1. Of the residues I124, I90, only one is under 17 Å from G48 (Cβ atoms), part of a strand (DSSP E or B) and in contact with a helix residue (DSSP H, G or I) (Cβ under 8 Å, 6 or more places away or on another chain); which?
2. Can you spot a residue in region 49-57 that is surrounded by fewer than 16 Cβ atoms within 10 Å (Cβ to Cβ) and under 21 Å from A94 (Cα atoms)?
3. State whether one or more residues within region 56-70 are at positive phi and modelled with pLDDT under 90.
4. What tally of residues in region 139-185 results from selecting those that are closer than 24 Å to T86 by Cα, in contact with an Asp or Glu (Cβ under 9 Å, 6 or more places away or on another chain) and hydrophobic (A, V, I, L, M, F, W, C)?
5. May I ask you to say which residue of I144, I168, I124 is touching a Phe, Trp or Tyr at 6+ places or on another chain (Cβ under 6 Å) and open to solvent by 30 Å² or more (accessible area, probe 1.4 Å)?
6. Does I39 fit the bill of being open to solvent by 40 Å² or more (accessible area, probe 1.4 Å) and within 13 Å of P16 (Cα to Cα)?
7. Could you count how many residues in region 82-117 are open to solvent by less than 50 Å² (accessible area, probe 1.4 Å), closer than 23 Å to D146 by Cβ and not aliphatic (A, V, I, L, M)?
8. Closer than 20 Å to Q145 by Cα, among the small types (G, A, S) and either in contact with a strand residue (DSSP E or B) (Cβ under 7 Å, 6 or more places away or on another chain) or part of a loop (DSSP other than H, G, I, E, B) (or both), is that true of A69?
Amino acid sequence: FAFMYSIDRCCATPAPGDWHGIVFTGGNRPTSRLSYCVIDYGGTAIGGAVECSWGASANVDHCTIRNSAGNGISTIDHDGRVTNFTGNTITNNAKYPLDAYCNNVRHLGTGNVLTGNGLDCILIYGRNLDSTGTWLKHSVPYLIQDNNDVGMGGDDNPVLTIEKGTTIKFGVGSSMTVGYTVNAT
């Protein structure tokens, strides 16, 4: 997905949620990419200005995502993810800069500025963390969503590395389980 588009607004004052946003859906297409974009005043209260759902992924690099009525980026719906996530600024959104399933946090790269949002944390949804990867230190902490468990383990003996200086916060009733019934490190 690549486009250049300009909208001349009929309204003098733009507002968060003026348009739904950009949605990637329906599977993994490694060529989907947002690069050097400014995405402004999109999103919904329950979504993001950029959404990846139903297994879809999108490379997101060097973009500015701001003034969303919800999250800057939302991947909540059925294992969506962002990849090649580097050099982005996500700010002034009503909720989180972004959310991610625990198994997809390893795709978040470096050089991102994620501050100045309503809730300055990367929201993590628990599920099976079954792939080796690193949770990098970002400009905001990670927050494991209330009543979620990040359950690490799998047949391939995944290893989770958490970069030095990284902060992980736990919501009410949330946890991180390492190798409960299968191997993990």
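1. I124
2. No, every residue in region 49-57 fails to be surrounded by fewer than 16 Cβ atoms within 10 Å (Cβ to Cβ) and under 21 Å from A94 (Cα atoms).
3. Among the residues of region 56-70, not one is at positive phi and modelled with pLDDT under 90, which makes the answer no.
4. Total meeting the criteria: 1.
5. Among I144, I168, I124, only I168 is touching a Phe, Trp or Tyr at 6+ places or on another chain (Cβ under 6 Å) and open to solvent by 30 Å² or more (accessible area, probe 1.4 Å).
6. When the stated conditions are applied, I39 does not pass them.
7. Qualifying residue count for the region: 9.
8. yes
The values are calculated or read from the model by the stated rules, or taken from the named source; none is laboratory data. What you are looking at is a predicted structure, and each value in this text was computed from that prediction instead of being measured. Virtual Cβ from ideal backbone geometry, glycine too; neighbours counted across all protein chains shown. Side chains included, ligands, DNA and RNA excluded: accessible areas come from the protein's heavy atoms. Shrake-Rupley method; radii C 1.70, N 1.55, O 1.52, S 1.80 Å.
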